[in-house]
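*Asks:* Below is a structure I'd like to ask you about.
The values are calculated or read from the model by the stated rules, or taken from the named source; none is laboratory data. Everything quoted here is computed from the prediction, not taken from an experiment. Using ideal geometry, Cβ is built from the backbone for each residue, glycine included, and neighbour counts are taken over all protein chains shown. SASA here: full protein model, heavy atoms, side chains in, ligands and nucleic acids out. Shrake-Rupley method; radii C 1.70, N 1.55, O 1.52, S 1.80 Å.
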Amino acid sequence: MKTIITVATTGAWPTKKDNPNVPLTPKEIANDVYECYKAGASVAHLHMRDDEGKGTMDKEKFRETVELIKKKCDIVINLTTSGDLNATDETRQAHLKELRPDMASYDCGSMNWAHSTLFLNTPKFLEELGTTMQEYNVKPEIEIFDAGMVYNSLYYLKKGILKAPIHYQFVLGAAGGTTATLENLVYLKSLIPSGSTWSALGVGKGHMPILLGSLAMGGHVRVGIEDNVMYTKTELAESNKQFVERTARIIREFGNEVATPDEARTILGLKKEA
Ligand code: ZN
């Protein structure tokens, strides 16, 4: 089978202090994404930072970054809708309407975030976001932090806010969500409708178990500094590319092939590049 590597280069949280190799500016992110593309990543999950390095939903930053990436390669563009916990519902969708990316994240429920604050995805917001994504032909990537979020997705599927086949991203090991164990991955995967596609990631020490478990179960994988600033228990990641290179090696050794962006578009049912 062909396995999709999604690279999550930046996220909303890691700072240069946590890892000096996290790309923050549009130029840094675009160059980093291109290196990851050459190493086998076929989807780029993107967050933006403001000039102080804080997470932002500023659509001009998204625009600049996406334009730079598109000049270099045809990697599938997947934009976050959750890049700033204080952003309004409107700001969280504005970039989708203007840039019409291939995909965007859809966090299918609310949670206590990192034991410190609220990660709010109200029913009203999720209905609006699903509708916006259908209208602008943006494929939702349903991010799942716990089992209740899978059940929410089934509700929105029934209501027509989401359309089958759904693509899920299991985010395991985030503080406040489900821990990154194989048992949890098997359980969550058992809840999704047949015909769905799915990918998984483990934050921190759950990274390798979830990556290997996902491969063994026929899923796709996400890697990158958004989820892990460490490459091993003791070494900081040198780059996002380093994660992608290791993952591509593992996929090939396992006996799968690394999906190209075009193959990822077919697998995920995305619109083709114009
Ligand atoms: Zn993200």
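*Asks:* What accessible surface, in Å², does a 1.4 Å probe find on TRP13, ignoring ligands, DNA and RNA and rounding to the nearest 10?
*Replies:* Roll a 1.4 Å probe over it and TRP13 shows about 140 Å².
*Asks:* Hey, another quick one. Which one, THR25, ALA164, ALA41, is farthest towards the positive end of the dipole of the chain when Lys and Arg carry +1 and Asp and Glu -1 on their Cβ?
*Replies:* Going by the charge dipole, the pick is ALA164.
*Asks:* Same structure again: Quick one: if you stick a label point 7 Å off each Cα along the C-beta vector at GLU253 and LYS97, how many nm between them?
*Replies:* With each label placed 7 Å out from Cα toward Cβ, I get 4.8 nm.
*Asks:* Here's something else I'd like to know. Please compute, for the alpha-carbon atoms of the chain, the extent along each of the three principal axes and give them in descending order in Å.
*Replies:* 43, 43, 41
*Asks:* Assuming R0 = 41 Å, can you tell me the calculated FRET efficiency for the pair TYR155 and MET1, based on Cβ-Cβ distance, to the nearest 0.05?
*Replies:* Calculated value: 0.85.
*Asks:* Leaving ligands and nucleic acids out of the surface, order TYR155, TYR106 by accessible area at 1.4 Å, largest first.
*Replies:* TYR155, TYR106
*Asks:* Also: Could you list which residues have their amide H under 5 Å from that of LYS2, counting only those 5 or more apart in sequence or on another chain, with H placed in the peptide plane?
*Replies:* GLU257
*Asks:* So how long is each side of the stretch 123-223 along the principal axes, counting just the alpha-carbon atoms, biggest first, in Å?
*Replies:* Projected onto its principal axes, the Cα set of the stretch 123-223 covers 38, 27, 22 Å.
*Asks:* Give the span of the stretch 57-169's Cα atoms along each principal axis, as three whole-Å numbers ordered largest to smallest.
*Replies:* In descending order, the Cα extents are 40, 34, 21 Å.
*Asks:* Let me ask you something else. Relative to the present Cα-Cα distance, how much length would full extension add between ALA216 and LEU120 at 0.36 nm per residue of separation?
*Replies:* 31.3 nm
*Asks:* Most mobile of GLU67, GLU263, GLU253 per a Gaussian network model of the chain (Cα springs, under 10 Å)?
*Replies:* Maximum among the listed residues: GLU253.
*Asks:* Related question: Simple spin-label model, 7 Å along Cα-to-Cβ: MET230 to THR15 in nm?
*Replies:* Between MET230 and THR15, the simple spin-label model gives 2.0 nm.
*Asks:* Stretch LYS38-GLU263 to full length: gain in nm at 0.36 nm per residue minus the Cα-Cα span?
*Replies:* Here the answer is 79.5 nm.
*Asks:* Using a Gaussian network for the chain with springs between C-alpha atoms less than 10 Å apart, which of these wobbles most: GLU257, GLU226, GLU141?
*Replies:* With Cα springs under 10 Å in the chain, the top fluctuation among GLU257, GLU226, GLU141 is at GLU257.
*Asks:* Accessible area per residue for the chain in Å², computed with a 1.4 Å probe and the full protein assembly in place, what is it?
*Replies:* 44
*Asks:* So, one more: Which residue, THR232, THR132, THR80, has the most motion in a Gaussian network model of the chain that connects Cα atoms within less than 10 Å?
*Replies:* Of the options given, THR232 has the highest mean-square fluctuation.
*Asks:* Return the long-range amide H neighbours of CYS73 (sequence gap of 5 or more, or a different chain), with a cut-off of under 5 Å between placed amide H atoms.
*Replies:* Excluding prolines and chain starts, which carry no amide H, there are no hits.
*Asks:* What does the charge count near ALA180 come to, summing +1 for each Lys or Arg and -1 for each Asp or Glu among other residues with Cβ under 13 Å from its Cβ?
*Replies:* Spelling it out: positives minus negatives among the neighbours equals -1.
*Asks:* A further question on this structure: Taking every DSSP beta bridge with both residues inside the stretch 28-115, roughly what % is antiparallel (nearest 5)?
*Replies:* 25
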